[in-house]
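Accompanying notes for the structure given below.
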Amino acid sequence: MKIAIIGTGYVGLVSGVCFAEFGHEVTCIDVDETKIGRLQRGEIPIYEPRLDVLVHKNLNDNRLIFTTDYAPGVPEAEVVFIAVGTPASRRGDGYADLTYVYEAARQIAGHLRDYTVVVNKSTVPVGTARQVKRIISEVSPGSSFDVASNPEFLREGAAINDFMHPDRVVIGVDSDRAREVLKAIYRPLYLIETPFVMTTIETAELIKYAANAFLATKISFINEVANLCEEIGANVQDVAKGMGLDGRIGRKFLHAGPGYGGSCFPKDTSAMLRIAQEHGVAFRIVEAVVEVNAAQRARMTRKVRHALGGSEAGKIIAVLGLSFKPETDDVRDAPALTILANLLEKGAKIRAHDPQAMIEAAKVLPEVKYCSSPYETCEGADAVVLMTEWNEYRALDLERILVSLKEPVFVDLRNVYVPDVMKRLGFRYYSVGRGKHE
């Protein structure tokens with residue numbers, strides 16, 4: 001089938017490449033000429049494992065086209081996916097900014113020819129699909145089309161596998177014809193018995209927000225448990241294990257740390273609160289989740305300050321990890337950036353390393369010195385702070401780091417190392433929720 005994808009950001013690029021890998025003919029469209037030029041040359045603008053391999057493969061097989069032109073990609077497409085960005089805090093009110101979605105709808109409307117299914121792939125508030133339908137109908141009266149919702153559930157760092165082997169595919173439609181077209185596109189996933197949730201458009205739009213809000217809730221919950229553990233001398237990792245073995249709860253997202261970040265959870269929890277407010281519904285649990293997450297970042301700043309003896313002024317802090325999670329260069333709303341900004345404001349000198357995210361981080365925190373290795377970062381520092389649990393930080397040469405530090409202070413905000421081992425090596429070791437008076 002012929003597919004057009006509007007937007008070559010994270011969701012659009014991954015989706016387009018994976019649809020091409022399924023055997024479809026995919027045209028990816030974006031207004032950013034520089035980005036499209038890079039993609040046409042096979043240059044990948046984001047870091048995502050295996051994405052470069054699949055882009056090159058499908059470009060060479062002529063199943064993947066990158067362009068700034070809506071024609072002929074949209075007129076020839078049987079399905080057009082809207083996968084443009086939906087930034088948070090439109091006018092500062094916490095609501096998703098749908099400017100790009102609505103502009104994409106207008107552009108699509110002007111290029112429709114035969115029957116087409118227009119699909120919202122971007123994460124959008126409930127009711128957006130209806131607005132997209134209205135816009136297309138106004139711009140192009142008489143066009144034959146349906147609008148559907150097909151939210152994405154891609155984890156940065158594992159997006160290719162998530163698309164090819166998803167937990168589920170959610171499709172919201174209000175016509176049998178649109179349903180059959182989308183089932184045909186996803187036929188490869190039917191063959192591996194992927195669960196499909198076929199529902200109304202509004203339900204599909206809400207599923208994505210509800211899922212992300214619930215995962216954010218698990219993170220904030222275990223962080224509050226960790227804070228209690230520090231007061232009573234308990235171990236949050238053991239608590240999480242004891243909880244997670246209950247099949248009703250599950251193990252995932254029960255890892256204490258500096259809080260959630262990235263492009264989804266902060267934006268989606270805020271947008272869900274805004275949707276609830278608009279409809280007169282009190283969503284107190286999600287309100288608390290957002291508050292706890294902000295408080296956790298402040299608590300981590302205080303933890304670093306305490307480890308430095310009460311003040312970070314004039315101290316050199318080595319930071320390992322800047323992205324909001326491993327296997328991505330995404331620093332959007334990353335806990336590291338908030339914590340580092342707080343430390344810099346109080347006079348700290350920051351040196352940092354990240355395997356992929358230093359270029360992006362430097363755009364936000366240019367005053368940080370970015371180093372080529374973890375060991376260079378730690379040389380002469382008053383403390384090292386492990387902020388993101390990249391695999392290469394899980395087996396550091398700890399004795400080398402110990403002798404390179406000015407003071408033997410190790411703040412582990414991801415609980416990667418074993419407290420007894422670190423203390424035996426000679427570190428003053430601080431972690432999250434693992435005992436009292438660390």
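The values are calculated or read from the model by the stated rules, or taken from the named source; none is laboratory data. Being a predicted model, the structure only gives us computed values, none of them experimental. Cβ sites come from the backbone with ideal geometry, for glycine too, and all protein chains shown count toward neighbours.
Points worth noting:
- Residues that are over 16 Å from Glu205 (Cα atoms) and either under 26 Å from the mean Cα position of the chain (by Cα) or basic (Lys, Arg) (or both), drawn from segment 103-136: Glu103, Ala104, Ala105, Arg106, Arg113, Arg134
- Here the helices (runs of 4 or more DSSP H) wholly within segment 1-81 that include at least 2 residues being within 26 Å of the chain's Cα centre (by Cα) and of a type in the set (S, T, N, Q) are 33-40.
- Selection within segment 389-421: residues that are in contact (Cβ under 8 Å) with a residue 60 or more places away in the chain and aromatic (Phe, Trp, Tyr). The member of this set that is surrounded by the fewest Cβ atoms within 10 Å (Cβ to Cβ) is Tyr393.
- Unique residue being touching a strand residue (DSSP E or B) at 6+ places or on another chain (Cβ under 9 Å), small (Gly, Ala, Ser), part of a loop (DSSP other than H, G, I, E, B) and at pLDDT 95 or above when the list is Ser323, Ser372: Ser372
- Between Ala129, Ala148, the distinction of being assigned to a helix (DSSP H, G or I), in contact with a helix residue (DSSP H, G or I) (Cβ under 6 Å, 6 or more places away or on another chain) and under 20 Å from Asp176 (Cα atoms) belongs to Ala129 only.
- Selection from segment 375-395 of residues that are of a type in the set (S, T, N, Q) and part of a loop (DSSP other than H, G, I, E, B): Thr388
- Test for Arg106: is it under 20 Å from His279 (Cβ atoms), of a type outside the set (Asp, Glu) and outside any loop (DSSP other than H, G, I, E, B): no
Quick grid of which residues meet (1) out of contact with any Cys (no Cβ under 9 Å at 6 or more places or on another chain); (2) under 20 Å from Thr301 (Cα atoms); (3) at pLDDT below 95:
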{"position": "Glu345", "(1), (2), (3)": "yes, yes, no"}
{"position": "Thr377", "(1), (2), (3)": "no, yes, no"}
{"position": "Asp397", "(1), (2), (3)": "yes, no, no"}
{"position": "Ser404", "(1), (2), (3)": "no, no, no"}
{"position": "Pro408", "(1), (2), (3)": "yes, yes, no"}
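- Residues of segment 241-274 satisfying the condition of being at pLDDT 95 or above and either touching a His at 6+ places or on another chain (Cβ under 7 Å) or among the acidic types (Asp, Glu) (or both): Asp246
- Candidates Asp162, Asp176, filtered to the one that is of a type outside the set (S, T, N, Q), surrounded by 17 or more Cβ atoms within 10 Å (Cβ to Cβ) and at negative phi: Asp162
- Scan of segment 316-329 for residues that are surrounded by 23 or more Cβ atoms within 10 Å (Cβ to Cβ) and under 26 Å from the mean Cα position of the chain (by Cα), ordered by number: Ala318, Val319, Leu320, Gly321, Leu322, Ser323, Phe324, Thr328
- Of the helices (runs of 4 or more DSSP H) entirely within segment 187-270, those holding at least 1 residues that are under 25 Å from Arg434 (Cβ atoms), touching a helix residue (DSSP H, G or I) at 6+ places or on another chain (Cβ under 7 Å) and not basic (Lys, Arg) occupy 201-232, 236-244.
- Lone qualifier among Arg305, Arg299, Arg351 - being modelled with pLDDT of 95 or more, more than 21 Å from the chain's Cα centre (by Cα), not in a helix (DSSP H, G or I) and not β-branched (Val, Ile, Thr): Arg351
- Unique match (being surrounded by fewer than 20 Cβ atoms within 10 Å (Cβ to Cβ), within 22 Å of Lys369 (Cβ to Cβ) and hydrophobic (A, V, I, L, M, F, W, C)) among Ala307, Ala313, Ala295: Ala313
- One residue alone among Arg424, Arg332 is assigned by TED's automatic domain parsing to the domain that holds Gly310, at pLDDT 95 or above and either crowded, with 20+ Cβ neighbours inside 10 Å or farther than 20 Å from Ser311 by Cβ (or both), and that residue is Arg424.
- Considering only residues in segment 85-103 that are β-branched (Val, Ile, Thr) and either at pLDDT 95 or above or part of a helix (DSSP H, G or I) (or both), the one that is farthest from Thr27 (Cα to Cα) turns out to be Thr99.
- When residues in segment 329-348 are screened for being hydrophobic (A, V, I, L, M, F, W, C), more than 21 Å from Phe265 (Cβ to Cβ) and in a helix (DSSP H, G or I), 2 of them pass.
- Extreme residue, farthest from the chain's Cα centre (by Cα), among residues of segment 236-246 that are surrounded by 17 or more Cβ atoms within 10 Å (Cβ to Cβ) and closer than 20 Å to Tyr417 by Cα: Val239
Every residue, every condition in (1) more than 17 Å from the chain's Cα centre (by Cα); (2) surrounded by fewer than 16 Cβ atoms within 10 Å (Cβ to Cβ); (3) of a type in the set (S, T, N, Q); (4) at negative phi, yes or no:
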{"position": "Thr338", "(1), (2), (3), (4)": "no, no, yes, yes"}
{"position": "Leu365", "(1), (2), (3), (4)": "yes, no, no, yes"}
{"position": "Cys371", "(1), (2), (3), (4)": "yes, no, no, yes"}
{"position": "Pro374", "(1), (2), (3), (4)": "yes, no, no, yes"}
{"position": "Ala381", "(1), (2), (3), (4)": "yes, no, no, yes"}
{"position": "Met387", "(1), (2), (3), (4)": "no, no, no, yes"}
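- Qualifying positions in segment 168-186 - in a helix (DSSP H, G or I) and either closer than 20 Å to His24 by Cα or within 23 Å of the chain's Cα centre (by Cα) (or both): Arg177, Ala178, Arg179, Glu180, Val181, Leu182, Lys183, Ala184, Ile185
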